[in-house]
Structure formats: structure tokens, C-alpha cells
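Beneath this line is the structure, given in C-alpha cells, with notes to follow.
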Protein chains: 2
Amino acid sequence: MNRSEVRQLCMTSLAQKMVGTGPENLQAGRGFYEYFFTNFPDLRVYFKGAEKYTAEDVRKSERFEKQGQRILLACHLLANIFENPEVFKAYVRETINRHRIYKMDPALWSAFFQVWTGYLAENGSLKSEEKEAWLELGKEFNEEAQKHLKNSNLPHV
Amino acid sequence: MNRSEVRQLCMTSLAQKMVGTGPENLQAGRGFYEYFFTNFPDLRVYFKGAEKYTAEDVRKSERFEKQGQRILLACHLLANIFENPEVFKAYVRETINRHRIYKMDPALWSAFFQVWTGYLAENGSLKSEEKEAWLELGKEFNEEAQKHLKNSNLPHV
């Protein structure tokens, strides 16, 4: 699969989860955290004040409405820029820098894309080649992430 | 000029100003602040602690090395995603949200693209249609920025 195909497949997989300000756009982002907190409750520890949130709490939360748009936008950006390796890697490094304060387990950068494709597959609409594309993108994300963590003298895997 | 042409022209204008970790990449970002602080010294007020920085101070500054990469990446992202209007507008809103704490004059969002194209033109290599493309992108950036500021009950123009 070449970069252009990965980009297109990832973008297609997000067509029904567009960023925006309408209720369906807000739900597309918030829904990720509903899925995430339901299926990976141990990782709620990274969300100070929401360590015990249920999917129901997420759904009512303005914080996760905003956070949902941010992560949805980040994934749209990753897909859109994937054809441009230097820009893609720079965006990975910037994402790592912004997360430094959360002292995340470095193994989570790779794990994220399993969670993300799990969310996209939730309603049964993720094609197998789309999943493959996201995992390929995620592999490259993780490689640059670990390299940058190492260069920043931070824990890495 | 259609969206695809704007995207391509903006991307081409950045080909010699790629993001990255090499010295030339770092200078491509830092150079913006050297240009900015030299030509618009009044705007240094938004950079706490650097209100009196000269271009020489910027050049020696680790803070502006990092800040330079951030703004260079942001401009690469804007160019790369321009063909996708909803993602572009979402990135504009996210940028506005992140700048809220700086209490910027809302007129600066439009002014930025004059400064940015001034920087790109500094070494004489910005083609007139590339400048036109950036200003078209900037016009759309500013429209979404002002709309989002208004919707967020913040000062707007």
C-alpha cells in the first residue's frame, strides 16, 4: 500500500465522522471517548478528574465534547497529511511535545491505533483495508514518536 | 483559483522551508520570527519575556527555535489540508482556541498572512500566484476565525 492509498483509505474511513460544529460532528468526537472509557477503563487514569467516568458521564460532559473534537481533528490531520512524510513526522513530534506533561506510558502511542480502529469499527463500517491503512499509519506514527521521545531523553519503547 | 490549486501553490512555496530537525529546517522556522520581530517590533508584546528581542536574540533562542517549528508546521498543515474545507475550518477553530490565553487583537488573524507572505518573499523566491494563494487561504482562515471568536463570545472584527 503506498502513502497515497493509505491517505485515501484513512480519509474515506472518516467520511461519516467529520469534524464540525453540528450535533453529529460533536458526537463523532465524543463517541471516541465513550468507546475508549467503556473498553479501556484503566486508561481513564490519564484524564484527571474523569478517572471514574462512564460512557454516560462522557456523553454529558462539555470537556469531552471539546476533547472529542480535538482528537477527531488530530486523526483527520494525520490522514490528510500522510502523503507528506516530513510534515507527518513533524506533526507527530509536536503531538508528543504537547503530551509531555501527561507522563504517558510510551507504549500507548502504538496502542492508540488499536483503540482508534476499534472505535471506527464499532458500527461495523470499517473495511479491512481501511483498518490496515490506519495500522500502517499508526506504525509510522509510533516509529517517529519513539524516536522523538528518545531524542528528548524521555521514556520510550 | 480552486482549492486544489491554492493547496499546491502554498505547498510549493514551502518546499524550501520544510519542517524537520536539521539545521536548515530549524532556521526555516526561526527565520520567521527574525523577520517578524525586525519588521513588526510592536507585536513582540505578545511574546512575554521577549518584548525587546532583536533578530539576533531570536537566532540564539531555544524558545524561538521551538516556536519557529510550531508556526512552520501550522502553515504546512494549513496548506496540506486546504482541499478539505471542514478539516481546514476545524483546524482554524482549534488554533483560535489555543490562542485564547494570549488575548490577541482579533485583527491580527488576517494580518498574519501579510507577515507570513512577507517572510516567504524575503529572499525573492515567492511567485506572485503563490502569494495570491496564501492570501486566499488567509482570507478563509480569517473568516472562520472571526466567526468562531464571535460564537465563543470573544472580541472579533
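Highest mean first, what order results for A:128-137, A:87-96, A:19-28 on Cβ atoms within 10 Å? Before the final figure, lay out each step's value.
Details: A:128-137: 18.3, A:87-96: 21.9, A:19-28: 15.8.
Peptide ranking by packing, descending: A:87-96, A:128-137, A:19-28.
Which whole number gives the average count of other chain Cβ atoms within 10 Å of the Cβ atoms across peptide B:84-96? Before the final figure, lay out the partial values.
Working: counts 7, 0, 7, 12, 3, 3, 12, 6, 0, 5, 7, 0, 0.
That works out to 5 on average.
If you put a point 7 Å past Cα along the Cβ direction, how far is that point for A:V45 from the same point in each other copy, in nm, smallest first?
The answer, with the shortest distance listed first, is 4.7 nm.
Calculate the mean, over all residues of peptide B:7-19, of how many other protein chain Cβ atoms lie within 10 angstrom of the residue's Cβ. Please list the in-between numbers first.
Details: counts 0, 0, 0, 0, 2, 0, 0, 1, 0, 0, 0, 4, 9.
Whole-number average of other-chain Cβ neighbours for B:7-19 is 1.
Using a ≥ b ≥ c from the Cα gyration tensor of chain B (square roots of the eigenvalues), is it rounded, prolate or oblate, where a/c under 1.5 gives rounded and otherwise the larger of a/b and b/c decides, a/b for prolate? Display every interim value, and only then the final one.
Details: a/c = 1.73, a/b = 1.10, b/c = 1.56.
Judged from the Cα gyration tensor, chain B comes out oblate (a/c at least 1.5, b/c at or above a/b).
When Cβ neighbours within 10 Å are restricted to other protein chains, what is their mean count per residue of peptide B:56-62?
Details: counts 0, 0, 0, 0, 0, 0, 0.
Partner Cβ neighbours, averaged per residue: 0.
Run the numbers on chain A and let me know its relative contact order in percent, using alpha-carbon pairs under 8 Å that are six or more apart.
Values: 157 pairs, mean separation 47.1, N = 157.
The normalised contact order for chain A reaches 30 percent.
In square nanometres, what is the average projected area of the Cα convex hull of the stretch A:27-72?
2.7
Between B:V157 and the same site in the other copies, what are the distances in nm, shortest first, taking label points 7 Å from Cα along the C-beta direction?
4.8
Going through the stretch B:26-57, which trypsin sites (Lys or Arg not before Pro) have at most 16 other Cβ atoms within 10 Å and a DSSP loop state? Please list the in-between numbers first.
Numbers: sites: B:R30, B:R44, B:K48, B:K52; in loops: B:K48, B:K52.
The qualifying sites are B:K48, B:K52.
Among B:65-73, A:35-43, how do they line up from the highest to the lowest mean number of other beta-carbon atoms within 10 Å? Can you show the working numbers first?
Working: B:65-73: 18.9, A:35-43: 15.8.
Peptide ranking by packing, descending: B:65-73, A:35-43.
At what distance in angstrom do the alpha carbon centres of the stretch A:125-150 and the stretch A:37-94 lie from each other?
15
What spacing in nm lies between the two simple spin-label points modelled at B:T38 and B:N97, each 7 Å away from Cα in the Cβ direction?
3.7
Values in this text are rule-based calculations from the coordinates and carry no lab data. Computed from a predicted structure; not experimentally measured. A quick note on method: Cβ atoms are made from the backbone with ideal geometry, for glycine too, and the neighbour counts reach across all protein chains shown.
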